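The values are calculated or read from the model by the stated rules, or taken from the named source; none is laboratory data. Everything quoted here is computed from the prediction, not taken from an experiment. Quick reminder, even Gly has a Cβ in these numbers, built from the backbone with ideal geometry, and neighbours come from all protein chains shown. For accessibility, only protein heavy atoms count, side chains too; no ligands or nucleic acids. Shrake-Rupley method; radii C 1.70, N 1.55, O 1.52, S 1.80 Å.
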Amino acid sequence: MGRKSIAFVAIATLVACGEVALTVDGGPDAAFVDAGDACVGPFCGFDASACDELACQVATCDGSVTSVSGRVFDPSGTIPIYNAIVYIAPEPLAPLAHGAICSGCAKSIPSNTIAVALTDVQGRFTITSTVPVGEHIPIVVQVGKWRRHIDASITACVDNPLDPSLTRLPRRAHESSPDDDMPQIAVTTGGDDGVECFLRTIGIDDSEFTSPTGGGHVHLYQGAGGSTLSGGTATAASFWSDNGAPGTQPMASYDLVVLGCEGSTFASEKPAAALQAMEEYADLGGRVLAMHDQYYWLESNVPPSAWPSTAVWNHAQDPSNQIALPMLVNKTFPRAYAMSEWMAALDASVEGGTFPFVEARHDVDGVSLKLAAPWLQTDPTNPSPSDPKLIEAFMFFAPLTDAGSTSKACRSVVYWDGHATGSTPGGTFPNNCTQTGPLTPTQLALTFMLFNLSSCL
């Protein structure tokens with residue numbers, strides 16, 4: 001046993017107290033008079049190379065445990081995040097790979113993670129197993145490619161609650177650590193809905209909204225009537241055009257594509273090649289969120305695509321914008337059930353599980369249950385007179401075939417038949433963003449869908 005091991009032993013015993021003892025072989029009475037002398041005490045025989053430094057700092061407590069607890073929030077620090085992963089792993093963390101690639105949880109969470117927990121519907125977590133003690137213990141919060149790394153001081157044999165300001169998702173890359181990261185997002189703006197303003201409302205810093213060459217993580221492309229950046233904005237048509245083999249289109253470099261409602265389909269700007277390119281992007285591992293009139297990407301895709309078969313399309317009269325339509329979360333599968341519980345925890349839903357959905361649209365009467373999962377719908381036991389079978393949000397996995405085979409590892413598409421609101425049409429970002437108050441129940445539901453879409457499936 002050399003002096004390097006002795007130095008570690010001394011530090012490890014300082015963080016323990018009372019009846020605390022480290023789980024490794026040893027104790028505070030291990031001593032050397034000189035490097036060549038015999039070892040005295042129960043630390044003798046401990047090989048510091050046998051475990052990682054953090055793993056060697058785990059304490060055994062007498063009648064108690066060492067734990068770390070807290071809550072994970074969105075970048076704004078106000079909305080709790082469900083199913084976030086909170087873990088402790090030796091540094092350094094590997095950079096996250098971005099783009100349309102299949103990278104599930106197993107590939108983004110370090111293999112040498114020594115303690116981990118998931119958040120519940122209130123964003124709460126508690127890590128109780130193999131928690132190391134000492135100063136500068138690395139705690140990582142991650143949802144897909146949203147990742148934040150903090151260092152915490154952990155005291156042995158008690159709970160160590162973390163300040164919520166430390167466990168929110170990052171507002172920008174490298175916010176508090178070089179390991180802090182967020183998805184690479186492409187947003188096509190539209191004249192009927194400023195979805196880019198919604199992303200700003202959930203806390204993404206203005207510095208991250210840039211042109212494709214501006215270095216930010218949210219790149220704006222101007223769709224019909226949509227907002228622009230003060231320095232100029234590339235067109236949405238240039239973004240989704242097919243200019244190469246699968247994986248070489250501009251969209252292939254993004255983790256998430258958000259298609260803002262343009263107020264119409266503008267079919268002439270979405271040729272068959274563009275429709276196919278969008279499907280290729282999803283099949284490669286990209287995520288897609290299509291808002292309202294962007295149903296065109298799904299309904300009008302060309303054979304052999306099965307995307308049109310995901311829903312029963314019916315572009316009927318929309319409910320009045322003055323009506324907050326009662327909307328029900330379809331709780332027949334686990335993630336949607338969690339969403340219902342999450343909405344209730346935020347007091348966003350009423351008795352029976354419905355919540356007021358503003359600016360609902362009528363484009364979908366139903367979904368093919370062998371291909372897609374309905375998330376939001378009017379209550380079938382209490383239908384609206386004008387919209388008895390309205391579906392407001394559904395999701396499917398890609399690649400998708402008519403036979404219903406899906407690959408659920410890392411890819412999904414969400415259709416949201418409504419708007420994000422909180423903006424004025426067109427204009428210059430962020431001056432077009434008008435929301436000052438808290439998120440509405442409709443926006444909260446969209447927030448859940450966005451982070452679920454970003455997460456590991």
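Can you pull out every residue in the stretch 299-348 that is over 30 Å from LEU118 (Cβ atoms), polar (S, T, N, Q) and free of Cβ contacts under 8 Å to residues at least 24 places away in the same chain?
Those that are over 30 Å from LEU118 (Cβ atoms), polar (S, T, N, Q) and free of Cβ contacts under 8 Å to residues at least 24 places away in the same chain: SER320, GLN322.
Across the stretch 424-449, which residue is nearest to GLY144 (Cα to Cα) among those that are open to solvent by less than 30 Å² (accessible area, probe 1.4 Å) and more than 23 Å from the chain's Cα centre (by Cα)?
PHE429
Can you find a residue that is at pLDDT below 90 and open to solvent by less than 10 Å² (accessible area, probe 1.4 Å) anywhere in the stretch 398-408?
yes
When the residues of the stretch 172-227 are narrowed to those that are farther than 25 Å from PHE448 by Cβ and β-branched (Val, Ile, Thr), which ends up most open to solvent (accessible area, probe 1.4 Å)?
Within the stretch 172-227, the match that is most open to solvent (accessible area, probe 1.4 Å) is THR213.
Go through (1) crowded, with 16+ Cβ neighbours inside 10 Å; (2) touching a residue at least 60 places away in the same chain (Cβ under 8 Å) for LYS270 and report which single condition fails.
(2)
Give the number of residues within the stretch 325-381 that are out of contact with any Ser or Thr (no Cβ under 6 Å at 6 or more places or on another chain), open to solvent by 30 Å² or more (accessible area, probe 1.4 Å), closer than 27 Å to PHE73 by Cβ and among the β-branched types (Val, Ile, Thr).
1
Select from the stretch 159-171 the residues that are outside any strand (DSSP E or B) and open to solvent by 30 Å² or more (accessible area, probe 1.4 Å) and list them in ascending order.
ASP163, PRO164, SER165, LEU166, ARG171
Restricting attention to the stretch 273-300, report how many residues are open to solvent by 30 Å² or more (accessible area, probe 1.4 Å) and either touching a helix residue (DSSP H, G or I) at 6+ places or on another chain (Cβ under 7 Å) or not in a helix (DSSP H, G or I) (or both).
Residues that pass the stated criteria total 4.
Need the failing condition index for THR189 against (1) more than 14 Å from LEU93 (Cα to Cα); (2) at pLDDT below 95, just the number.
(2) is the only condition that THR189 fails.
I'd like to verify a number: residues in the stretch 426-457 that are in a loop (DSSP other than H, G, I, E, B) and either in contact (Cβ under 8 Å) with a residue 40 or more places away in the chain or not small (Gly, Ala, Ser) (or both), how many?
Matching residues across the stretch 426-457 total 15.
Under the condition of being touching a residue at least 60 places away in the same chain (Cβ under 8 Å) and of a type in the set (Asp, Glu), which residue from the stretch 279-298 is farthest from LEU400 (Cα to Cα)?
Top of the filtered list is ASP293.
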